[in-house]
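Worksheet: the structure to be examined is printed underneath.
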Amino acid sequence: MSARYGMVIDLDRCTGCGACMVACAAENNVPALPERATARTGLTPMLVRKLSNGKEGAERREAFIPIACMHCEHETPCVMVCPQQAVEVDKSTGIVMQIPQRCLGCRYCMTACPYHARYFNWWDPQWPAGMEKSLNPGVSVRMRGVVEKCNLCHARLHAAQEKAAAAGKKEIELKDYVPACVEACPTGAILFGNLADEKDPVSIAARSTDSFRLLARIGTEPKIHYKTTQAWIRAQADRNPDHSSEAQHG
Amino acid sequence: MKVSRRDLLIGSAGVTAGLIFTPVPWKLLGDVSIWTQNWPWIPQPSQGPVETKQSVCTLCAAGCGLRVRMAEGWPVGVSGVGTNPVTKGALCPLGFGAHQLNWHPRRLHEVRHRGRTSSWDEAQGALEKACAEGPVAIVDGRPGRAASSVLEGFAAKHGGNYRVALSSESRALGPYAAWSGVAASRLGYDLENAQTVVSFGTPLLDGWGTPGRFTRMWSEKAAGASDPELRLIQIEAALSRTAARAWRWVAIREGSDAALAAGIARVLREERLVAAKGPLPQMSMEEAAAQSGLTGQAIRELAHTIAEKRPALVITPEANPAIAALNVLLGAVGAPGGIVVRNKKALEHIALEANSNSYRALVIDSSVPWDLVPRSNVEVFRFAAWDGGGNAGDWLLPAPGFLEELTDVPTAPTSATETYGIAMNLLAQPAETKSAAQLLGKIDSTLPDIEKLIHTRCEQLFQAKLGTIHAEQPVAVAKFESAKKLEERLRNGAVWIDDSRHANSVRCAMKEWPAATRVLPAADWGAAWEAPVLPALAEKLYKESNLRDAPARREA
C-alpha cells in the first residue's frame, strides 16, 4: 500500500527558535553561503517566517510559521512546468522529489511554486577547509545552478527502507523515518506521519477543525498541514506567506 | 550514385531534424547537466560507515544530552537524546550546527600574544613569571567540574585566587542566596511544579536555562490553550520571542520592571492576596503606574492573576533584587514550584571582582563566556577555542574545541535537581591546543589528573547509592554492581539525576524592599550562548532569513 507522508505543524507551539532550519541544513548538506547572500538568494529548504496581526504597541501579536515544500498532491505545479523531468512525485510515498542531476536551472518551478519553497543555488557549495569532513554521507552536495528544496529528508527514508529490507519487511517502521526538522523541534510542534493511514496521529490531526492548508483554495492539496486555535494566525498564514513576511519586515 | 552538394545539405538537415525526435539530444543534455555538477572542487561527503555516539553538550553550562553521528571518525550530525529526562531530545538551534564549529574560520590554531604569533613555551614562561611575582586569579566559568578542581588546586598552591565568572542565569539566583544564606550554587527553579511563571524579560522560550526543559513543559501544558495548566506571563517592553508565545504579554515602558514589581507587591499585600509579611516597597501605586505605563487597575488585575493560580514563580534574566523580592512575598522561595535547594553540600564561590587590577594576572578558562572578559590593566591569559573578536586579552591560547576534550558536566545553573554527566573526547585533541587545566598541570605536575578526578566522582556516586542513571532505560544507582560499570554508562552518554527529595528549609530575611536596578533588554539570541562564535549554519537564521537579528558581538 502506498503511503502519503506529510506533516501537521502546530503554529501555537512554534517559538520561532530556528532549530528546524539549522537541523535541516546540517542533515541535507546545505552550505552556509557567502556574506552577500540574502533572504532572497539564500538556501533555506526549511524557512521559519514571522507573522503578525499588523497592529502596533501592546496590541501587536506575532507568531511563526515554518515553510518547506508542501509536497502538493494534485496538479503539482513544479512537476507540471519542469522541462527536464527533474521533479517527480514518488507514487509510493507522495514525496515531491527534486532530482538536481536533471535540473538545468531554468527556475520555472520556482516561479510556479505558490509557496515560495524552492531555492536556487547561486553559488558553488563551499565549506571552510576541513569542514567537508562534517558532511552527511547520505546526501550528495548540489552544484551551483540547480534548484533545490525539501525532499522530506529522503536519505532518512532510504535508511529506513534499507533497515526494513534487511529485516525482510516490505513496509518501513515509521519510527525509523523521522525528518530532521521533526526531530529537532524542541516543542514537538511538527507532527510527521502517513496521511493515508486514517489511524496515524498525523492523519487524525490533519482532519481536526483547527487544521488548515496554505492556499487550499488553489486545489494543489499540500501534504503539509498547519494547526492553530488563533483565528488571526490562520488568517495571516493563509495569505501569500511571502506577503505576510514582507509586511512584518518592511 | 553521385551525391550532390544539395543532397548532402538535405541529408544533413534531415538527420538534424530527425535527431530531435530521438532520445539522443535529451540524453546528451542530461549527461552534460550531470557532468557539470561534478566538478573536482565540489566536496564529496565521506562514504564510510556511520556510527552513533551519545554524549553531553559542553557549549554552555546547560548540559543537554547529545547524539553524535560519526563517519570515518568525524562528526557528521548532532541531535538531542530523547531519553534524557531533562532535555527530552531538545537542543538549541546552535547545537544542531555545533559539529562544524571546529572548522570555523575563527578557530584558534596558534598561541597569540597581543595579536602576534607566539608559542606555548613563551606563554608558559610568562605565566610562571606572573605567578612568581604576585597573586594570579584563575577564573572559571563553570565551577564544579573536575577541571575546576585543577584550577582551584593550582590557585591554592601558588598563592593565587580561584574566582568564578558566571552566566546571567547563575547570577539571577544571587539575591535569594543573599537573603537566605544558602549558596546560589545550591539553588534552582522548580519549574515542573509551578502553575504560574512570571518572567520579567527572561527569554524562557528562547534558550534560557536548559533548552528543552521549559519549552517542552510549556508546549505540553500551555501552548495554544486559553486557560492553560501553566500560565506564562511575560513582562517586557518589546515583543520578544517569549512574549509572542506567552499566555499574557504585559507591555511596559523599558526599564520600569522594578516599578511594576513594586506595584504588584503593594496589591499583593494590601489586598491580602499573600500571607507573607515583610517590608513593602516605598513606591506608591500611582508612581508604579506612571513609570510602567500601565494603569493602576491593570496592575491590580495582574497581581490578582499572579496570585490566582499558585505556585507562582517570578524569574528575572539577571540578578535583580527589586523583582526577586516578589518571590519572597509569594512564598516561592524554598517551596515546591518556586526557588528550591537542590543539594545538601555548600559550594561557595567568589565571583571575580569588578575591579581586578589588584592581581598580577588573570588566567581565564575557556568555560568563561567570551563577553565576560574583564576590562583590567593586568596581564590576561585567555583560553579559547575560537577568537570572538574584540577584547581578547594579552595572551590568546588555543583550547580544545567541541568534542575534543574529556570533561564532566555538573548540574546546570537553573536545574531543580543535581545532575552529572561525562562528555567524552570523541575527537582527538589537536596538538596545538591545551586547556587551562593542562597548562597549569604542566607548570605544577602535582595537580590531580582530570581522568582520575572523574573516576573518583563516579566512585563517590556509586558509594552514595542515590539517584538514577538515565540511559535507554533508567537504572537506580543502587542497582549498579560496581563504580566501573556506572562510570562506563556515564561515559557512553547517560546522565545521573538525583531524584531523592531534599528538605526545602529556606528562610529569607529581607529587611527592606530592595532598590531598583536596571534590567537590560534581552538580545534577540535569547539566553546565554557562551561560545565566542556561532556555527556557520546558524548564521542562516539572520543572513538568509529574517528570523533573527545578527548578534551584535560577532563583529566586536
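The values are calculated or read from the model by the stated rules, or taken from the named source; none is laboratory data. Values in this document were obtained by computation on a predicted structure and should not be read as measured data. Cβ atoms come from the backbone with ideal geometry, glycine included; neighbour counts cover every protein chain shown.
The residue pairs whose first member lies in the stretch A:65-89 and is within 11 Å of chain B (Cβ to nearest Cβ), whose second member is surrounded by fewer than 17 Cβ atoms within 10 Å (Cβ to Cβ), and whose beta carbons are closer than 6 Å, counting only pairs six or more residues apart or on different chains, are A:A86/A:I99. Could you grab me the full set of residues in the stretch B:291-325 that are farther than 15 Å from B:G201 by Cα and either in contact with a His (Cβ under 7 Å, 6 or more places away or on another chain) or touching a residue at least 60 places away in the same chain (Cβ under 8 Å) (or both)? B:L302, B:T305, B:I306, B:E308, B:K309, B:R310, B:P311, B:A312, B:A325 - these are the residues of the stretch B:291-325 that are farther than 15 Å from B:G201 by Cα and either in contact with a His (Cβ under 7 Å, 6 or more places away or on another chain) or touching a residue at least 60 places away in the same chain (Cβ under 8 Å) (or both).
Has the stretch B:460-473 got at least one residue that is crowded, with 19+ Cβ neighbours inside 10 Å, assigned by TED's automatic domain parsing to the domain that holds B:R163 and part of a loop (DSSP other than H, G, I, E, B)? Yes; the residues of the stretch B:460-473 include at least one that is crowded, with 19+ Cβ neighbours inside 10 Å, assigned by TED's automatic domain parsing to the domain that holds B:R163 and part of a loop (DSSP other than H, G, I, E, B).
Only a single item in (1) at the interface with another protein chain (Cβ under 9 Å from one of its Cβ atoms); (2) at pLDDT 95 or above; (3) not in a strand (DSSP E or B) is not met by A:L33, and it is number (2).
Just for the stretch A:64-85: of the residues that are more than 17 Å from A:M7 (Cβ to Cβ) and surrounded by 17 or more Cβ atoms within 10 Å (Cβ to Cβ), which one is farthest from the chain's Cα centre (by Cα)? So, considering only residues that are more than 17 Å from A:M7 (Cβ to Cβ) and surrounded by 17 or more Cβ atoms within 10 Å (Cβ to Cβ), the one farthest from the chain's Cα centre (by Cα) is A:Q84. The stretch B:309-372 holds strands (runs of 3 or more DSSP E) entirely within its bounds, and those carrying 1 or more residues that are out of contact with any Ser or Thr (no Cβ under 8 Å at 6 or more places or on another chain) and outside the structural domain of B:K277 (by TED's automatic domain parsing) map to B:339-341, B:361-364.
Checking each residue in the stretch A:181-200 for being in contact with a Gly (Cβ under 6 Å, 6 or more places away or on another chain) and farther than 22 Å from A:Y115 by Cβ picks out A:P186, A:D200.
If you take just the helices (runs of 4 or more DSSP H) that sit entirely in the stretch B:182-280, which of them hold at least 3 residues that are modelled with pLDDT of 90 or more, within 14 Å of chain A (Cβ to nearest Cβ) and surrounded by fewer than 24 Cβ atoms within 10 Å (Cβ to Cβ)? Filter on the stretch B:182-280 gives B:213-221. Of the residues making up the stretch A:12-30, those that are facing chain B (nearest Cβ under 7 Å) and within 17 Å of the chain's Cα centre (by Cα) are A:G16, A:C17, A:G18, A:A19, A:M21, A:V22, A:A23, A:A25, A:A26, A:E27, A:N29. B:N320 falls short on exactly one of the conditions (1) surrounded by fewer than 24 Cβ atoms within 10 Å (Cβ to Cβ); (2) modelled with pLDDT under 95, and that condition is (1).
Take the residues in the stretch B:168-179 that are buried (at least 21 other Cβ atoms within 10 Å of the Cβ) and modelled with pLDDT under 90, then tell me which one is farthest from the other protein chains (Cβ to nearest Cβ). Lay out the reasoning, then the answer.
Filtering the stretch B:168-179 for residues buried (at least 21 other Cβ atoms within 10 Å of the Cβ) gives B:169-170, B:172-173, B:175-176, B:179.
If we keep only those that are modelled with pLDDT under 90 too, we end up with B:169-170.
Details: B:E169: 17, B:S170: 22 Å.
Among residues in the stretch B:168-179 that are buried (at least 21 other Cβ atoms within 10 Å of the Cβ) and modelled with pLDDT under 90, the one farthest from the other protein chains (Cβ to nearest Cβ) is B:S170.
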